[in-house]
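This report refers to the structure that appears directly beneath it.
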């Protein structure tokens with residue numbers, strides 16, 4: 001076995017804590033107890049220990065692979081044969097993909113290609129027999145007679161019985177069953193149409209979703225579009241209904257299994273994005289939604305990476321509407337290229353985006369060209385999905401010494417205000433520049449007290465003005481970036497932030513910006529200086545304190 | 001047609017090789033996959049031709065011929081019949097797994113996990129085949145204890161459907177009805193232990209609403225067969241809960257009449273035991289037998305389910321009571337006692 005060639009440290013990593021006699025006895029007792037399947041007590045016990053069983057089987061498998069021979073393994077783990085032998089026949093263990101796979105791998109792992117003694121020869125015989133019986137034998141002799149006389153093969157028979165069963169289980173029973181990682185992908189497409197609505201709803205309900213085997217979930221979503229949509233909407237609701245954007249957003253999104261499902265099935269990713277698009281159109285300026293989309297895309301890309309190497313062709317399938325030339329450049333994470341290259345990359349990106357936006361304006365004329373609008377929207381949507389570059393732009397604005405940063409400002413303006421209704425983009429850009437000037441001055445002034453003649457205009461900029469187009473969100477994020485990355489001491493930057501944010505009342509939005517920046521920093525895709533982390537934490541706690549003291553219904557809250 | 005026969009012969013030979021020959025040790029993934037494709041071909045042949053009795057006979061002849069050759073070549077050879085064709089994949093799998101010469105690498109392929117996203121294996125139909133089978137069976141068992149909503153289990157329903165479908169196919173071929181009867185006999189054994197199961201299957205078959213003329217005639221044939229087979233009816237009467245019997249009687253007039261006949265036969269085999277003070281089945285009576293209270297309950301249920309039967313039946317019972325001597329005292333005529341119990 002080639003695993004023997006691995007360095008010892010790696011071996012120890014994979015095997016984890018060694019299996020001792022106590023553990024073996026524990027699982028032996030469990031295997032015996034579970035043979036008496038049928039009582040509700042047994043079922044409860046099994047469901048409680050299923051995940052622990054997975055860990056145990058993984059350890060067994062690691063030990064089998066690491067140990068040179070089956071005879072050795074059997075000596076080290078004395079009741080192994082009995083445990084595996086009993087678990088094989090327990091349908092609650094074999095119904096789920098993970099445990100069944102591990103169990104089979106353990107059995108196959110114990111097979112010796114070149115048996116060197118009687119024990120190994122006997123083990124080989126036993127393994128063959130067990131596998132044969134598992135796959136071909138049937139407990140029910142009467143059913144077998146009928147199968148033979150009517151010419152129905154066992155697989156077809158079991159599938160038909162399964163279809164029937166799923167038509168009428170009661171809801172309470174379902175909830176108990178679902179804790180057993182019941183896999184729906186046993187049944188094909190044509191079958192799912194017949195699945196009872198109750199069954200599908202139970203499988204999809206939020207409290208159970210997190211406990212169900214992912215293959216089952218993916219299968220339900222794949223075959224039942226409304227349920228996929230429901231799951232996405234639940235996620236959006238979770239992310240946008242809490243007081244401020246949740247700090248463990250990424251973890252939550254991963255747990256829903258949605259990114260994984262989308263990585264496996266292109267069609268699902270397209271559906272999810274359609275939902276994101278329509279939500280974006282309805283909820284303009286909702287930074288929490290932006291956060292969700294960005295984090296979701298990041299999780300999705302990670303899952304995709306696991307499944308297949310990233311090629312332009314494969315990406316195109318997942319992003320058919322996005323401009324091809326921008327796909328790879330935008331999807332590439334900042335952490336995947338050297339920091340020195342960021343500025344040039346952003347310049348190129350901004351130039352491309354500007355070209356695209358201008359094309360739309362040219363085509364506008366009297367009648368609004370819908371294709372042009374469509375292209376700009378899709379480009380902007382891709383930018384929202386890849387907001388990491390916008391964040392990098394914000395950071396570079398503050399940290400770069402060189403002055404000409406109009407294209408970085410253009411990028412940020414475009415991000416927050418993609419539409420150019422009544423040619424407002426130029427005006428918005430002017431406003432952004434003005435805000436930037438104030439911020440620059442504030443952040444470079446080291447003297448106390450704060451230059452109020454710059455603070456007040458900033459606060460004015462942050463408030464919504466009905467008469468002319470304004471960019472409060474853009475100004476706010478510029479301010480947040482400034483507060484984080486400027487050279488001022490902590491206390492001063494916090495003070496500026498506090499004053500302005502409080503006066504403008506944009507606490508929720510500030511929290512969103514902070515949280516999403518923190519996510520990216522945790523990935524290490526930004527210059528992860530400790531000072532930056534500290535600064536962000538300080539600002540976050542400031543916001544929390546302010547939110548606690550402020551009336552929840554401030555004018556700028558969603 | 002000749003090509004089909006040649007192919008079937010080759011497939012059967014392949015099965016024999018899979019089961020008995022050490023040639024399987026040389027089979028690679030591609031060979032394995034092709035073997036299963038052959039099995040699939042046989043299933044296809046069955047599906048296309050099983051309702052055509054002429055072609056069926058020709059195929060059976062070919063099978064006989066091939067079986068004979070293979071019997072000479074391999075000791076322990078298991079013959080393949082026409083009805084084995086639709087289960088060819090299962091037979092191939094069983095043959096392979098029982099062959100000690102099958103290399104462990106092939107077993108690994110068969111038991112590999114079928115990963116829907118993995119495009120690594122070209123031979124999707126054989127990879128993880130066994131793992132998938134185990135999953136199906138386990139899923140059925142997992143849901144098994146919870147089918148309590150209906151008295152007839154999902155298994156019985158599916159088996160009832162299988163029975164009716166095959167029966168329908170046999171009847172539509174216009175073949176000898178004795179063939180269909182033989183099919184029913186072999187599918188529904190009444191020996192110890194199997195009897196209850198067969199009753200459940202018949203019940204399921206009869207209680208499924210008929211949605212086609214073919215299905216109705218199958219059910220009719222089954223009921224005629226039941227009328228002839230008192231043994232089956234007696235088993236049904238003694239093992240099935242009365243609610244189910246009521247449903248059956250309500251759904252099918254033939255059943256109602258046949259069942260009534262069975263009850264009468266049971267009643268006629270009763271003797272009055274002076275020591276017990278009760279009617280009991282005579283020792284010569286065919287098993288299974290009912291106790292007197294149970295039998296009265298069955299009569300009542302039958303009349304409740306079929307009010308139209310009640311009056312005629314009561315008249316008939318009265319007539320039988322009169323033939324017995326028209327006594328009113330208890331213990332002298334089983335008919336009289338039944339009548340008086342039922343009328344309460």
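Based on the Cα gyration tensor of the range A:105-170, what are the three equivalent ellipsoid semi-axes, each the root of five times an eigenvalue, rounded to whole Å and given largest first?
That gives 35, 15, 9 Å for the three semi-axes.
Using a ≥ b ≥ c from the Cα gyration tensor of the range A:20-135 (square roots of the eigenvalues), is it rounded, prolate or oblate, where a/c under 1.5 gives rounded and otherwise the larger of a/b and b/c decides, a/b for prolate? Because a/c hits 1.5 or more and a/b exceeds b/c, the range A:20-135 counts as prolate. Taken residue by residue and averaged, Cβ atoms of other chains lying within 10 Å of the Cβ of B:41-48 number 1.
Given axes a ≥ b ≥ c from the Cα gyration tensor, I'd like to know whether the range B:239-326 is rounded (a/c under 1.5), prolate (a/b larger than b/c) or oblate. In terms of gyration-tensor shape, oblate. Counting neighbouring Cβ atoms within 10 Å and putting the fewest first, the residues B:298, B:132 line up as B:132, B:298.
Peptide A:104-115 shows a mean partner chain C-beta count of 2 within 10 Å per residue C-beta. Past the 16 angstrom mark, what percentage of all C-alpha to C-alpha distances in the range A:221-335 do you count? I get 60 percent for the Cα pairs in the range A:221-335 exceeding 16 Å. Working from label points 7 Å from Cα in the Cα-to-Cβ sense, the residue A:283 to residue B:291 distance is 6.9 nm. Pairs of Cα atoms nearer than 8 Å and 6+ residues apart set the relative contact order; for the range A:20-135 it is 28 percent.
Of interest is the spacing of the C-alpha centroids, which for the range A:384-400 and the range A:272-333 amounts to 17 Å. If the chain linking residue B:104 and residue B:242 were pulled fully straight, counting 0.36 nm for each residue of separation and taking away their Cα-Cα distance, it would gain 44.3 nm. Extension gain, residue B:182-residue B:212: 0.36 nm per intervening residue step, less the Cα-Cα distance, totals 8.4 nm. Spacing of the modelled spin labels on residue A:344 and residue A:332, each 7 Å from Cα toward Cβ, amounts to 1.0 nm. Using C-alpha pairs below 8 Å separated by at least 6 residues, the relative contact order for the range B:1-126 is 41 percent. Rg and Dmax of chain B, both derived from C-alpha coordinates alone, stand at 26.9, 86 Å.
The label point for residue B:6 and the one for residue A:125, both projected 7 Å from the Cα toward the Cβ, are 4.4 nm apart. Taking 0.36 nm per residue of separation and subtracting the Cα-Cα distance, full extension of the segment from residue A:225 to residue A:275 would add 16.8 nm.
Remark: relative contact order (chain B) = 11 percent; criterion is Cα-Cα distance under 8 angstrom and separation of 6 or more residues. Shielding value for B:75-87 is 2, the average number of Cβ atoms from other chains within 10 Å of each residue's Cβ. Counting neighbouring beta carbons within 10 Å and listing from fewest to most, the residues A:98, B:239 come out as B:239, A:98. Fewest neighbouring Cβ atoms within 10 Å first, the residues B:324, A:97 line up as B:324, A:97. If r is the Cβ-Cβ distance from residue B:64 to residue A:406 and R0 is 51 Å, what FRET efficiency results, to the nearest 0.05? My answer for the efficiency is 0.05.
No value in this document is a laboratory result; all are computed from the given coordinates. Remember, it's a predicted structure, so these values are computed and weren't measured experimentally. For neighbour counting, all protein chains shown are included, and Cβ atoms are generated from backbone atoms with ideal geometry for every residue, glycine included.
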